[in-house]
Each structure stands twice: as structure tokens, then as C-alpha cells.
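Data block below; observations after.
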Amino acid sequence: MTKVAKLVALGALLALAGLSSAQSPRLEKIAEGFTRPIYVTHAPDESQRLFVLEQGGRISLLEAGQRSLFLDISQRVSRAANSPSYTEQGLLGLAFHPDYAENRAFFLNYTDRSGTTVIARYRASADGRQADPASEEVLFTLAQPFANHNGGHMAFGPDGHLYVSLGDGGAANDPLGAGQNLTLLLGKILRLEVGAEGPYTIPADNPFVYNPSAADEIWAYGLRNVWRFSFDRLTGDLYMGDVGQNRYEEINFQPASSQGGENYGWNAYEASMVFNRGVVAPNAVAPIFEYDHTAANGCSVTGGYVYGDFCSGRIWLGWREGAIWRNQVFMDSGLQISSFGEDAAGELYVVDYRGAIYRFVP
């Protein structure tokens, strides 16, 4: 059996070690009292701090059991993110620059008061404990045609480039045909070069740089709404949790050796199933995992380092045996899983949208 990603590492480790269910990891609450938390991550420095994003625009810092406010941009994000009703808008993504320990630069992805996607660079204090909202430098904006399917996740890849997920623009059934339209940035994974200063640029080896009929920023396409994705620390492989329409959820895979340009099929396909026979998806790549919308499975995949369902709280494991992908149910957490994350040591965490952060412990 091959140990592949953090997304599948628990499955591989349990199988390799032959652990009994009594020895399997469990979830332990480490912090609570958050309002709509949607992500937890760490900074690439020696601080061992965790950062928790709240959809309404606040970022909290967890350090040595203590919680403090790192940044508050609640006056900038969509008003709906601070309303009592559910929304897909708000503060959605955070990525620290690989050289954050030296330059204290980090990047946020949020929808502003008009619903427009914004990617902006911010600066933290010299000790890294607080960020200045006045330090914002807007690098990228994209008007959203509807209030849902904003994507929003960001992460620096092993190559040092910033990867950004954008949903297909919203409503239902991809009315813009964005998934298969290479002139639109919606329904894509973008790959950008960003530094501690200046605007973003396009990496010279992006797959569509020399295609006049495609946007230079695009790295992968045919995606409906990748809410979370992750890079395997060991191999550099990329895993994407793409939220489905009415029937299927999927996990997509891109090997570290990829030169980009993969087409993951939406909206010709929902997971591996034909969705729209009138749409052609050239060289569509099928998901490595998929599940249907049964009561037990749920209705909205939260792709991450392991992966679970927002509706059901069920967490699955996946692993690869040669060329064959396997999966099994790991636990029914009882949580409303909005995200997974990891700390500097690679330990895994689960975010409960109802207000708490958990970690996997033996």
C-alpha cells in the first residue's frame, strides 16, 4: 500500500500499523465560541500558532491555549456574512506567504459588500501576533454573477505559486457555462505568482499562457465549486473537494508531475455521471472518489486533508493500492464540518461550523 496525501494519510497509517478501532484517532475539542468558523491553518514560522477564520471577517490567533484577535475585516466583507441566515459569501480563504517569517505578508480571499471576489495582501506585525487592516493591497477582483459558488480557498503549492479556487459563478446547473469556458475564470483553479510587494503576475509555465482563447491565470478547469483543496506534504499531489449539484459529491486528484490544464468535467459531468448531454468536456478527468446524496452520506463535500461532509458530519478515509483508489468510513463525527486544516507539524484539525475547532488525537 502506498501512503499518499494528508487527505489519505490516516487511512494509510491505520492500515499499515494494523491498529484496532480502540486505538484509532478520535476528535478532541481545543477551542470554541467562534461564529461560523470556516478554516484553520498555521503560519510558516516557528510560532506554532493556529489561525481560525470566521466567515464574518474575523481571524483569531490561538497560541499556548490562549485566543486573541489577529485581524478584523468585517466591515469589508459581504453583509450577508454577518446576517443570521446561511450564506456562501464572506471571508473564505487565507494563505501565508512562504517567507512569512521574514516578510509578514499573507493573503485573504473574501467577497466584498457588492459580492465581488477580492484577493488582497496584508501585513502582520513584526512579532506576527496582529495584522493591520489598513495594510490591505488589493491584487485581484472578480465580479460574481450570483451569491453562491464563490470557491474561496487559497494555498501556496510546493512550487511557491499561489493556487486559488473559484466556483462556477453560482445559481444552479452552471447557467454561464463557465466550467468548460476557458475565457472565464469562474469554475477554475488559478495559479498566480505573488510576492511580498507588487501586483500578481502569471507564471510563464501556466498551461494556457500561449492560448489566445484562454485566460492565462487558469491552471485547471471543469470545476463546479471547489470549497477546499490541499497539497500532499510528502509528494506535492493536489486533492480537490468539488461540491456537487443534486446527486453526487467528488474528490479530484492532480499528480505533482502535472503541467496543468486538466479538465474535471463540470458541467458535462457531475462526478463521473453524465449531467448535461449537450456539453462536451474534452479529455475529462474522472474523480478518484465520489458519493451520492443519501441521508447517511450527506450533500456537500468538504475536501481537505481527510475529507468529510458538511451536512452529515461523516468522515471518510481514502488510500491508493497501486493504481486502485480505496475508501472507507472513518467516523460519524456529529459535526457540521466546514473545513479541515493542519498545524506546522502536519497534525490534522476539523472545523465545526457551529463554533468549535477539534484535532485528531490517539
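Report whether or not Ser68 is more than 21 Å from the chain's Cα centre (by Cα) and without any contact (Cβ under 8 Å) to a residue 24 or more places away in the chain.
So Ser68 does not fit the description; no.
Step by step: first the residues of region 158-185, then only those that are touching a Pro at 6+ places or on another chain (Cβ under 8 Å) and aliphatic (A, V, I, L, M), then the one that is nearest to Val243 (Cα to Cα). Which residue is that?
Of everything passing the filter in region 158-185, Ala171 is nearest to Val243 (Cα to Cα).
Keeping to region 338-362, report how many residues are outside any strand (DSSP E or B) and crowded, with 19+ Cβ neighbours inside 10 Å.
Total meeting the criteria: 1.
What's the number of the only condition in (1) buried (at least 17 other Cβ atoms within 10 Å of the Cβ); (2) under 20 Å from Ile324 (Cα atoms); (3) in contact (Cβ under 8 Å) with a residue 40 or more places away in the chain that Ala271 fails to meet?
Only one criterion is unmet by Ala271, namely (3).
Considering only residues of region 313-335 that are assigned to a loop (DSSP other than H, G, I, E, B) and either crowded, with 19+ Cβ neighbours inside 10 Å or free of Cβ contacts under 8 Å to residues at least 12 places away in the same chain (or both), which is farthest from the chain's Cα centre (by Cα)?
That would be Ala323.
Would you mind stating whether Pro98 is in a loop (DSSP other than H, G, I, E, B) and more than 21 Å from Phe146 (Cα to Cα)?
So Pro98 passes the test.
Step by step: first the residues of region 158-189, then only those that are buried (at least 16 other Cβ atoms within 10 Å of the Cβ) and among the small types (Gly, Ala, Ser), then the one that is farthest from Ala124 (Cα to Cα). Which residue is that?
This residue is Gly177.
Might you let me know whether region 297-312 holds any residue that is among the acidic types (Asp, Glu), part of a strand (DSSP E or B), modelled with pLDDT under 95 and surrounded by 20 or more Cβ atoms within 10 Å (Cβ to Cβ)?
Yes, some residue in region 297-312 is among the acidic types (Asp, Glu), part of a strand (DSSP E or B), modelled with pLDDT under 95 and surrounded by 20 or more Cβ atoms within 10 Å (Cβ to Cβ).
The values are calculated or read from the model by the stated rules, or taken from the named source; none is laboratory data. Keep in mind it's a predicted model, so treat the numbers as computed, not measured. Here Cβ is always computed from backbone atoms with ideal geometry, including for glycine, and neighbour counts include all displayed protein chains.
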